[in-house]
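Q: Have a look at the structure that comes next, please.
The values are calculated or read from the model by the stated rules, or taken from the named source; none is laboratory data. Owing to the predicted nature of the structure, the values given are computational and were not obtained by experimental measurement. Positions of Cβ are backbone-derived with ideal geometry, glycine not excepted, and every protein chain shown enters the neighbour counts. Side chains are part of the model used for accessible areas, which takes the heavy atoms of the whole protein and leaves out ligands, DNA and RNA. Shrake-Rupley method; radii C 1.70, N 1.55, O 1.52, S 1.80 Å.
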Amino acid sequence: QVQLVESGGGLVQPGGSLRLSCAASGISFSIYAMRWYRQSPGKQREMVAHITSTSSTNYADSVKGRFTISRDNAKNTVYLQMNNLKPEDTAVYYCAALLRLNIYWGQGTQVTVSS
């Protein structure tokens, strides 16, 4: 059974930082590409960051220079370091594992940026 479990969300002030984690089980983690998505009320889910099995990365324009995706294959975990957070970053953040046509989703973690 595949499980992706996100953690690390919460309430933070503008300009603050959070680090999200996503622990995977039930898959051969190291061969999967991993992504972080987010969705805020009334908006479509958007991809935030992507990391390949060889740790190449890319980012949505809205988070470039502020967010960093990384992975630790020994821990079957992907991370999203979020710095200089803005109110518009408020959303539910989901991790996803991708391999060919297969995609698995986590349950999401809420990030709220507010003073």
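Q: Report yes if L98 is at pLDDT 95 or above, open to solvent by less than 60 Å² (accessible area, probe 1.4 Å) and farther than 28 Å from Q13 by Cβ, otherwise no.
A: yes
Q: While we're here: So, of the residues in segment 74-92 that are surrounded by 14 or more Cβ atoms within 10 Å (Cβ to Cβ) and over 15 Å from V111 (Cα atoms), which turns out to be farthest from the chain's Cα centre (by Cα)?
A: So the residue we want is N76.
Q: Could you give every pair whose Cβ atoms fall below 7 Å, whose first residue belongs to segment 89-115 and is outside any strand (DSSP E or B), and whose second residue is of a type in the set (D, E) and open to solvent by less than 40 Å² (accessible area, probe 1.4 Å), counting only separations of at least 6 or pairs across chains?
A: Final answer for the pair search is G106/E6; Q107/E6; G108/E6.
Q: Run R71 past the list (1) open to solvent by 60 Å² or more (accessible area, probe 1.4 Å); (2) among the charged types (D, E, K, R); (3) free of Cβ contacts under 8 Å to residues at least 60 places away in the same chain and report the number of the one that doesn't hold.
A: Among (1) open to solvent by 60 Å² or more (accessible area, probe 1.4 Å); (2) among the charged types (D, E, K, R); (3) free of Cβ contacts under 8 Å to residues at least 60 places away in the same chain, the lone unmet condition for R71 is (1).
Q: Does segment 56-68 hold any residues that are assigned to a loop (DSSP other than H, G, I, E, B) and either touching a residue at least 12 places away in the same chain (Cβ under 8 Å) or polar (S, T, N, Q) (or both), and which are they?
A: S56, A60, S62, V63, R66
Q: Another question about this same structure. Here are S30, S7, S53, S25: which of them is free of Cβ contacts under 8 Å to residues at least 24 places away in the same chain and either of a type in the set (A, V, I, L, M) or open to solvent by 30 Å² or more (accessible area, probe 1.4 Å) (or both)?
A: None of the other options fit; the residue is S53.
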